[in-house]
Amino acid sequence: MIKPKTIDKRLFIFAAMLVVFGYIIFSSASLGRLVRVESLYASLAFKQAFVGIVGGGIALLILANIPFQYWKRWSLYAFIVGIILNILIFIPGLTQVHGGASRWLAFGNFSFQPSEVLKLTAILFYGAWLSLNQKELHTFKFGFLPLLVISGIVQGMLLLQHDTDPIIIAAFVAMFFVSGGKWRHVTLLAGIGVIGLVGLVLYRPYIQQRIISFINPAADAQGSSYQLQQALIAVGTGGITGRGFGQSIQKFNYLPEAIGDSIFAVQAEEFGFVGSVGLITLFLLFALRALKLSAQIKDPFGSTLIVGFIVLMVGQSFINIGAMVGILPLTGVPLLFVSQGGTSMLVGLAQVGIILNISRFRK
């Protein structure tokens with residue numbers, strides 16, 4: 001075992017810059033809620049800062065100092081806890097409904113999204129499985145079958161909550177591949193995924209509407225395509241340098257979910273092309289630095305965890321950005337470190353904390 005070093009400072013700086021820039025964008029986008037009686041700006045800003053940033057910062061500091069090897073021993077139990085938390089969603093009286101979906105556990109004035117915990121613990125468990133069975137991953141029993149089962153469990157739990165997240169499957173596939181898995185197993189999983197996607201499109205009307213809106217954004221400009229239309233207006237009017245901080249017009253009663261999955265459009269309107277490129281560059285620097293660390297880690301468990309976390313975090317962020325500029329279908333995934341969501345921020349910073357601890361053992 002390599003003697004532990006200090007955490008990787010560059011990765012920490014990139015993550016801190018994303019959090020700071022993200023909160024600046026969020027604080028401006030939140031002003032759009034002032035025109036709505038049911039929403040209080042101060043309450044939104046406080047929850048994002050206290051639950052997300054402060055809570056996530058504490059989680060980061062704690063996890064950055066817990067040797068990542070311990071998670072291999074406890075990963076199965078952590079995954080079971082993640083599953084149980086998601087089962088609690090279906091108990092009446094414990095959930096909070098938003099946008100017609102019950103995906104949050106309510107605790108007084110605070111709510112918690114257990115699906116974020118499920119994704120984190122699933123990556124921990126699958127990383128442990130891969131490191132323990134690395135020599136057998138070429139077989140169907142130890143290669144493809146576990147990949148299919150854990151992907152099915154996570155995606156099944158999400159579908160029961162009327163949610164989907166293809167990026168978590170991409171994270172599993174990336175972990176499987178860098179651990180020595182075979183392409184034929186990935187191809188087989190992709191085939192099953194295509195069949196499942198077709199089934200979802202046929203039996204879930206909201207997914208059909210998203211596909212139609214993506215193919216033809218003008219098909220229902222006042223209905224299913226309204227969010228995309230308003231997002232494109234915001235991005236377009238931002239121009240090169242943007243209207244300026246706090247000057248977005250679209251966030252006031254025009255852009256749906258201006259502090260949620262549409263927040264990149266607000267950022268583009270206020271900071272323009274320059275600000276958008278800057279934000280994307282930060283995500284790229286964060287991802288590339290983490291992947292470089294992954295290559296410097298001799299422990300297969302640690303190296304694989306970094307890959308899974310980075311694909312999940314940065315992948316979902318780029319899907320969000322792609323949806324706001326019309327090159328990908330709307331999925332409802334948040335822009336990490338920017339969109340409203342204390343749980344997403346907390347879990348994201350927790351993942352950064354684990355990566356920083358792994359960086360202590362780099363070559």
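Taking the Cβ of residue 133 as the center, what net charge do the other residues with Cβ under 13 Å away carry, scoring Lys and Arg +1 and Asp and Glu -1? So the surrounding residues net to +2. Among 87, 355, sorting on how many other beta-carbon atoms sit within 10 Å of each Cβ, with the fewest leading, yields 87, 355.
Applied to the stretch 322-336, the Karplus parametrisation 6.51 cos²θ - 1.76 cosθ + 1.60 on θ = phi - 60° returns per-residue 3J(HN,Hα) values of x, 5, 6, 9, x, 9, 9, x, 5, 10, x, 6, x, 8, 4 Hz, with x for Gly and Pro.
For the stretch 287-355, the relative contact order comes to 23 percent (Cα pairs under 8 Å, sequence separation of at least 6). Between the helical axis of 226-238 and the longest alpha-carbon principal axis of the chain there is an angle of about 80 degrees. Normalising the average separation of contacting C-alpha pairs (under 8 angstrom, six or more residues apart) by the number of residues puts the relative contact order of the chain at 31 percent.
Shown in residue order for the stretch 77-82 are the 3J(HN,Hα) couplings computed by the Karplus curve 6.51 cos²θ - 1.76 cosθ + 1.60 at θ = phi - 60°: 5, 5, 5, 5, 4, x Hz (x for Gly and Pro).
The C-alpha radius of gyration of the stretch 9-359, expressed as a fraction of 2.2 N^0.38 Å, stands at 0.98.
Relative to the Cα centre, the charge distribution of the chain, modelled as +1 at Lys and Arg Cβ and -1 at Asp and Glu Cβ, gives a dipole magnitude of about 1280 debye. Of the cross-linked pairs 182/298; 9/135; 119/141; 9/141; 5/182, which ones have a Cα-Cα span greater than 30 Å in the structure shown? Distance filter (> 30 Å) returns 9/135; 9/141; 5/182. Each of 116, 257, 269 was scored by other Cβ atoms within 10 Å of its Cβ. Listed from fewest to most, they are 257, 116, 269.
Amide H to amide H, with H built 1.01 Å from N, residue 362 comes under 5 Å of 5, counting only residues 5 or more places away or on other chains. Build a GNM of the chain with springs between Cα atoms under 10 Å apart, and of 29, 295, 231 the one that fluctuates most is 295. Spin-label model, residue 140 to residue 187: label points 7 Å out along the Cα-to-beta-carbon direction sit 1.6 nm apart.
What net charge do the residues around residue 336 carry, taking every other residue with its C-beta under 13 Å from that of residue 336, with Lys and Arg at +1 and Asp and Glu at -1? Computed value for this residue: -2. Relative to the longest principal axis of the Cα atoms of the chain, the long axis of helix 145-160 lies at roughly 30 degrees.
Taking the beta-carbon count within 10 Å as an exposure proxy, list 74, 104 from fewest neighbours to most.
Details: 74 14, 104 21.
By the 10 Å Cβ count, ascending, the order reads 74, 104.
If a/c stays under 1.5 just call it rounded; otherwise compare a/b with b/c (prolate if a/b is bigger, oblate if not). Do that for the stretch 205-363, with a ≥ b ≥ c from the square roots of the Cα gyration tensor eigenvalues. Prolate, since a/c reaches 1.5 and a/b exceeds b/c.
Since every read-out is calculated from the coordinates, none of them should be taken as a lab result. Worth saying up front: this structure is predicted, and the values here are computed from it rather than measured. Quick reminder, even Gly has a Cβ in these numbers, built from the backbone with ideal geometry, and neighbours come from all protein chains shown.
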